[in-house]
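The values are calculated or read from the model by the stated rules, or taken from the named source; none is laboratory data. Quick caveat: nothing in here was measured; it's all calculated off a predicted structure. Virtual Cβ from ideal backbone geometry, glycine too; neighbours counted across all protein chains shown.
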Amino acid sequence: MPFPPPPANLEWATLSGLQETPDNGHIEVKFSVKTGEWTTPALVRSPMLQIHGLSPALNYGQQAYEGLRCHRDPNGNILLFRLADHARRMATSCGFVAIPAVPEYLFIQCVRLAVAANAEYVAPHGVAAALYIRPVIFGSSAQVPMLPADEYTFCVYTQPFPAYHGVNAIPACIVDGFDRAAPQGTGRAKIGGNYAPTIPWMLKARQEGFAITLHLDSKTQSVVEEFSTSAFIGVKCDGRNVTLVMPDSNNIVPSVTSDSCAVLATSLGWVVEKRPVPYSELGLFQEVIAAGTAACLVGIASISYKQQVFNYAGKGPNGVNGHAEAKMTNGNGHGVAQDTGFSPRETLNKMLKNIQDGNADDPFGWIEQARPVDEILPGMIRR
Ligand SMILES: *Cc1c(COP(=O)(O)O)cnc(C)c1O
């Protein structure tokens, strides 16, 4: 094993993702519009950044980010998941806010370096924690007129993060009174401007007892788009015949997790439908899944909107949440309460985790093994 072992004093079980955690630094690169060049990646010890107070990042939200994670396999190797897909999505996000696209090779190199430099913070195999990886780019030069910056800073941070194994199904509500993404807006980009305005609505929902918020399309308020931080997957079961329904919309972030589910489901012979999902279909699903890198596949217990409640997950035979079971209130023959003990969400979650944790083969070429810094960028600058 080429990497140091995890520090003995790190209590993986108490990680919340909210506190500041130890690390060995982040990777930093700058882009100059004048020269058209990206600097060589450096490992910077301090997490604090120097940024001009008049930068477009701070004033106009000229910024984009990504989220990935990595795990250890049974031999202690560190596995990275679908790097190129995240690289391409970040390049797309950059385009929405006039940021020069981070080249795919550079994105991948910086993520590899950040992981290699922080390898001991990747939890041991079998521990319910992951190393979360946060690439972020922003316009960092002073520029008061509303024009793009002349200098950009691209960073890759890492943070040990709890992995929610077997999380209970959670109640969701549809946001009523706020539109996340305009019909011709920026909804498909992972840019800060899509997130901050949603925070008050997430807080309001939380105060009302909802753990997660779901958005309908802004134009007609009749089509399901996505959760505030993750993708929507509806599951229909007829015995063991499973159909996954995934919203097809220009205004949602294309989810790598959701795409992975589609590939896995297809490999199982399940049907995958990518198409607009009318609100009126919510009563026809046996399971609803929130899919995203941070939380993996979370079961949705119920979706509330105005006076309506759709219930999904129920207690399985062993008190396990999230089994294919729909309440009679869902109307229509599909929603007959009948717990078969079979949960497509659990099946997909296990398959995905087994690939990510190196417990299973990687037939789709999603995994790459982390290598030491010197194999990626010999003599990397550290400051
Ligand atoms: C990041 C994100 C997702 C999930 O994308 P993954 O690639 O699966 O992590 C879905 N919706 C929103 C709004 C997001 O920000």
When you scan region 176-204, how many residues do you find that are more than 15 Å from the ligand (Cβ to nearest atom) and either under 17 Å from the mean Cα position of the chain (by Cα) or assigned to a helix (DSSP H, G or I) (or both)? 3
What is the one condition in (1) within 11 Å of the ligand (Cβ to nearest atom); (2) touching a Ser or Thr at 6+ places or on another chain (Cβ under 8 Å); (3) farther than 26 Å from G61 by Cα that S258 does not satisfy? (2)
Can you pull out the residues in region 276-301 that are outside any helix (DSSP H, G or I) and more than 28 Å from Q356 (Cβ to Cβ)? P276, P278
Looking at region 29-43, is at least one residue over 15 Å from Q159 (Cβ atoms), modelled with pLDDT under 95, of a type in the set (A, V, I, L, M, F, W, C) and not in a helix (DSSP H, G or I)? no
Under the condition of being in contact with a helix residue (DSSP H, G or I) (Cβ under 7 Å, 6 or more places away or on another chain) and of a type in the set (D, E), which residue from region 354-383 is surrounded by the fewest Cβ atoms within 10 Å (Cβ to Cβ)? D362
With the structure loaded, tell me whether Y65 is within 14 Å of the ligand (Cβ to nearest atom) and of a type in the set (F, W, Y) or whether it fails that test. yes
Name every residue in region 210-226 that is crowded, with 22+ Cβ neighbours inside 10 Å and touching a residue at least 60 places away in the same chain (Cβ under 8 Å), in order of residue number. L214
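Yes/no matrix, rows are residues, columns are (1) within 18 Å of the chain's Cα centre (by Cα); (2) farther than 19 Å from N349 by Cα:
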{"site": "D238", "(1), (2)": "no, yes"}
{"site": "V256", "(1), (2)": "yes, no"}
{"site": "V263", "(1), (2)": "yes, no"}
{"site": "V271", "(1), (2)": "no, no"}
{"site": "A294", "(1), (2)": "yes, no"}
Within region 85-117, how many residues are assigned to a helix (DSSP H, G or I) and either within 21 Å of I367 (Cα to Cα) or away from the ligand (no atom under 16 Å from the Cβ) (or both)? 22
Under 6 Å by Cβ, and 6 or more places apart or on different chains, what pairs join a residue from region 270-291 that is within 16 Å of the ligand (Cβ to nearest atom) with one that is polar (S, T, N, Q)? V272/T266; A290/S230; A291/S230; A291/S255; A291/T257; A291/S258
Any residue in region 240-251 that is within 13 Å of the ligand (Cβ to nearest atom) and among the polar types (S, T, N, Q)? yes
What are the pairs with Cβ atoms under 8 angstrom where one residue, in region 181-195, is surrounded by fewer than 17 Cβ atoms within 10 Å (Cβ to Cβ) and the other, located anywhere, is in a loop (DSSP other than H, G, I, E, B) and among the charged types (D, E, K, R)? Sequence gap at least six, or different chains. P183/D217; P183/K219
Test for I137: is it assigned to a strand (DSSP E or B), more than 30 Å from T347 (Cβ to Cβ), within 16 Å of the ligand (Cβ to nearest atom) and under 19 Å from the mean Cα position of the chain (by Cα): yes
Determine whether G234 is more than 24 Å from I199 (Cα to Cα) and more than 16 Å from the ligand (Cβ to nearest atom). no
Testing G25 on (1) touching a helix residue (DSSP H, G or I) at 6+ places or on another chain (Cβ under 9 Å); (2) of a type in the set (G, A, S); (3) surrounded by fewer than 16 Cβ atoms within 10 Å (Cβ to Cβ), one condition comes back false. Which one is that? (3)
Would you check which residues across region 38-48 are surrounded by 14 or more Cβ atoms within 10 Å (Cβ to Cβ) and in contact (Cβ under 8 Å) with a residue 12 or more places away in the chain and list them? W38, P41, A42, L43, V44
Matching residues in region 304-321 - criterion: being at pLDDT 95 or above and closer than 24 Å to G239 by Cβ: F310, N311
Any residue at all in region 68-82 that's within 28 Å of P148 (Cβ to Cβ), away from the ligand (no atom under 16 Å from the Cβ) and either surrounded by fewer than 18 Cβ atoms within 10 Å (Cβ to Cβ) or in contact (Cβ under 8 Å) with a residue 60 or more places away in the chain (or both)? no
Of the listed residues (N241, N250), the one being under 25 Å from G67 (Cα atoms) and surrounded by fewer than 21 Cβ atoms within 10 Å (Cβ to Cβ) is N250
Residue by residue through region 134-180, note down the ones that are farther than 30 Å from I303 by Cα, of a type in the set (G, A, S) and either touching a Gly at 6+ places or on another chain (Cβ under 9 Å) or without any contact (Cβ under 8 Å) to a residue 12 or more places away in the chain (or both). A142, A149
